[in-house]
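Every number here is computed from the coordinates shown, using simple stated rules; none is lab data. Since this is a predicted model, take the numbers as computed values, not measurements. No Cβ is skipped: glycine too gets one built from the backbone with ideal geometry, and neighbour counts run over all protein chains shown.
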Number of protein chains: 2
Amino acid sequence: MADRVRIALDAMGGDHGAAVVLPGADIALSRHPQIEYLLFGDRALIDPVLNGLPNLKARAKVVHTDVAIRMDDKPSQALRYGRWKSSMWLALDAVKKGEADVAVSAGNTGALMAMSRFNLKMIEGIERPAIAALWPTLKGESVVLDVGASIGADEHHLVNLALMGSAMARVLFDVERPTVGLLNIGVEEVKGLEQVREAGRILRAGASPHFEYLGFVEGDDIGKGAADVVVTEGFAGNIALKTAEGTAHQLASYLRAAMNRTWTSRLGYLLSRPAFLMLREKMDPRKSNGGVFLGLNGIVIKSHGGADAEGTAAAIDMGYDMVRYALLAKISQSMARDQADAAAKLAGGAAS
Amino acid sequence: MADRVRIALDAMGGDHGAAVVLPGADIALSRHPQIEYLLFGDRALIDPVLNGLPNLKARAKVVHTDVAIRMDDKPSQALRYGRWKSSMWLALDAVKKGEADVAVSAGNTGALMAMSRFNLKMIEGIERPAIAALWPTLKGESVVLDVGASIGADEHHLVNLALMGSAMARVLFDVERPTVGLLNIGVEEVKGLEQVREAGRILRAGASPHFEYLGFVEGDDIGKGAADVVVTEGFAGNIALKTAEGTAHQLASYLRAAMNRTWTSRLGYLLSRPAFLMLREKMDPRKSNGGVFLGLNGIVIKSHGGADAEGTAAAIDMGYDMVRYALLAKISQSMARDQADAAAKLAGGAAS
């Protein structure tokens, strides 16, 4: 295991830039003193914040650039003016050059994905990237992927998602053989997309040593924690994730309204306050901030654009865990083993 | 407006059959005395329950059959043994023959959809059926469709969904020109499925008199009530619906756990009890029970298989509203007007 974890941070990313990213980095550092930072961005914006954070300053090296990717640029635009020189690109480039172990950015998702693919390239055997989210469940957490890196997925991509997701779950949840479910719909007549069914057949037949395939799961199984890893195509996955977030906000808003309605309910609220705080903690989207880009030759964490310092710290924590427990090596090993297994089967089949 | 509403009820449907369906019918009748029921099913199971419900008995005619569709049959199996003679088929057939205004069943969704298509046929100009759900939002309710009748949708089907969904919203929400949003994902790089974008272009260019097209919405916009009607393809729609239900259960479970943790929180809970009851009311999935099958020559309501009497009553209420406010006629009018508009535009284009 690495005795230090070098994190390349896009200090200009997100809605608030350095004013939020750096305090977030400071919080993560207080939890993981092994972190060393490379901070990319405009010195004029970084230095004033950094001077107020002496611990961070002692563990950070600033690399100046005055080019920052805007939140609403199209990926093609961002690549045009930001390649080679933006804070986002330079953070990714540090990973590519081996100067950092992981890149973290709260910037424009599309631009970050495009630059990641362009600069880091895909892992051998994986054609398309995926974004994995940590989803809070009744049992703890699950890895859900893809939540929006690409639209549409054939059976091979779905199988690769199972492989990458289970490597990530192994790293995060410390289980040897995580359970994997394929997201599908339960209506009998339609029985799900052909490629989902085909992926199910491959996963069942494959009996991977890396994960235990459970079969199909439905939307309401995710929150139950029915599987450590839930695999789905990016369009449906993104809609599921956003819908769950929306529902959580909606219910929190109902709860607030209900608690404010009468003086007895307000008094009840005061008495139950520790319980509500626990609940808020449970529901806090900042705790699970950070989408992990998978399939690339390098680890990239996307923090939410609107994240505050705590949220940023959670995203950095996630990057830290990925490095510390060698996510990338585990994915590559899984891929290699899977390909070797497939080759052996093919050879066996040919010989018999 | 009809002075009576004739409801064909599959008394054998759902996990509990007549024991729950009939008490549900009784509750709906107490709210809408204009209802007349045709009850299809096994007299031996129906009569003992019906005898305990004198009001219902006075407004119901029982049609005996001892064939009932099982909850786990495939649609093809169900059609094989249940066509012409099952309680589900007969309820649909009553709508076809004009003996009932709407059919309600809590039976097997796939079988109900297959039988509905087979018996009632599609409306002229609509190729595939849809299931519409009423989704509770911060502003009230929205119509979301398709939530699982069919997988995949080209731009024309999505436009038809907008048309049918807005007719339903007009009926339910009493607004002349409901707002319509197309469900999409926000990640810039991928920008959504081609057919979703194309449907967006058609809807924007069409400027329908029947609804106001708002553009794309994301998963977290549904619960905000961003649009009266949210249009999506059935796979993603089903996953969104189930995920929202799952998240609501999950948060309710967190809340219960939090409130039970200490004696002060339990005391607080007691004081806030009316507020919690209001919250439970808000979150009660039974209130929005009932998927409406759209696109068929007849109105069919699917009640949840596990619904209790209250849930069943909510599904019957929905069927009642659909008939009372002439949903089917409104959809057909919208379709005809739309086709006339398109023909006029074509003629105008050819003339110029």
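When A:F173, A:F293 are sorted by how many other C-beta atoms sit within 10 angstrom of their C-beta, beginning with the fewest, the order is A:F173, A:F293. Listed by Cβ neighbour count within 10 Å, with the fewest neighbours leading, B:Y37, A:Y213, B:Y81 appear as B:Y81, A:Y213, B:Y37. With both labels modelled 7 Å from their Cα along Cα-to-Cβ, the B:M71 to A:F118 distance reads 5.4 nm.
B:I202 label point (Cα plus 7 Å toward Cβ) to equivalent points in the other copies: 3.2 nm, shortest first. Over the protein assembly as shown, the alpha carbon radius of gyration divided by the compact-protein estimate 2.2 N^0.38 Å works out to 1.04.
Excluding the sites themselves, what is the longest stretch of chain B that contains no GluC sites (Glu not before Pro) in a DSSP loop with at most 16 other C-beta atoms within 10 Å? Excluding the exposed sites themselves, the longest stretch runs over B:177-352.
Under 5 Å from the amide H of A:T179 lie the amide H atoms of A:E212, A:D228, A:V229, each residue being 5 or more positions distant or on a separate chain, with H modelled from the backbone and absent for Pro and chain starts. By the count of neighbouring beta-carbon atoms within 10 Å, fewest first, B:Y254, B:Y320 end up ordered B:Y254, B:Y320. Counting from the shortest, the label point at A:K61, 7 Å from Cα toward Cβ, is 8.8 nm from the same position in each remaining copy. For chain A, a crude dipole built from +1 on the beta carbon of Lys and Arg and -1 on the beta carbon of Asp and Glu, taken about the Cα centre, is about 660 debye to the nearest 20. Over the stretch A:132-287, what is the mean sequence separation of C-alpha contacts under 8 Å (at least six apart), divided by residue count, expressed as relative contact order in percent? After rounding, I find 30 percent. Each residue of the stretch A:109-115 was assigned a 3J(HN,Hα) from its phi angle through the Karplus expression (A = 6.51, B = -1.76, C = 1.60, θ = phi - 60°), giving 4, x, 5, 4, 5, 4, 5 Hz with x at Gly and Pro. For chain A, the relative contact order comes to 23 percent (Cα pairs under 8 Å, sequence separation of at least 6). With its label point put 7 Å out from Cα toward Cβ, B:M122 sits 3.5 nm from the same residue's point in the other copies, in order from shortest.
In this structure, A:N297 and B:Q195 have a Cβ-Cβ separation that, at R0 = 35 Å, corresponds to a calculated FRET efficiency of about 0.60. Taking amide H as placed 1.01 Å from N in the peptide plane, A:S142 has its amide H under 5 Å from the amide H of A:W135, A:T137, each at least 5 places away in sequence or on another chain. Centre-to-centre, using Cα atoms only, the stretch B:299-333 and the stretch A:33-58 are separated by 61 Å. Legend: mean number of C-beta atoms from other chains within 10 angstrom of residue C-beta atoms, peptide B:224-236, equals 3. Highest mobility in the GNM of chain A, judged by mean-square fluctuation with C-alpha springs under 10 Å and restricted to A:A315, A:A257, A:A336, is found for A:A257. Overall form of the stretch B:107-199: oblate. Here a/c, set by the Cα gyration tensor axes a ≥ b ≥ c, is 1.5 or more, and a/b is not larger than b/c. Which links in A:K74/A:K224; B:K57/B:K97; B:K74/B:K330; B:K74/B:K97; B:K139/B:K302; B:K97/B:K302 stretch past 29 Å when you go from one Cα to the other? Going by Cα-Cα distance, A:K74/A:K224; B:K74/B:K330 fall outside the 29 Å limit. Positive-end ranking of A:A258, A:A78, B:G306 along the dipole of the protein assembly as shown, with charges on Cβ about the Cα centre, is headed by A:A258.
Ordering B:L38, B:S105, B:L50 by Cα displacement along the dipole of the protein assembly as shown toward the positive end leaves B:L50 in first place; charges were set at the Cβ atoms of Lys, Arg (+1) and Asp, Glu (-1). Counting only Cα atoms, I'd like the Rg/Rh figure for the stretch A:132-287, Kirkwood definition for Rh. Computed over Cα atoms, the ratio is 1.08. For B:V67, the residues whose amide H sits under 5 Å from its own are B:S87, ignoring neighbours fewer than 5 places away on the same chain, with H placed 1.01 Å from N. Overall, the stretch B:12-136 carries a charge dipole of about 220 debye about its Cα centre when +1 sits on the Cβ of Lys and Arg and -1 on the Cβ of Asp and Glu, all other atoms neutral.
Other protein chain C-beta atoms within 10 Å of residue C-beta, averaged over A:132-138: 2. With the helix formula -39500 (n - 2.57) applied to DSSP H stretches of n ≥ 4, the protein assembly as shown reaches a computed 222 nm mean residue ellipticity of -16500 deg cm²/dmol.
What is chain B by shape, rounded, prolate or oblate, if you read a ≥ b ≥ c off the alpha carbon gyration tensor as root eigenvalues and call it rounded for a/c under 1.5, prolate for a/b larger than b/c, and oblate otherwise? Oblate shape, in that a/c is at least 1.5 and b/c is the bigger or equal ratio. Evaluated with a Cβ-only charge set (Lys, Arg +1; Asp, Glu -1), the protein assembly as shown carries a dipole of roughly 900 debye about its Cα centre, given to the nearest 20. Residue ranges B:201-209, B:64-72 sort as B:64-72, B:201-209 when ordered by packing (mean number of other C-beta atoms within 10 Å per residue, highest first).
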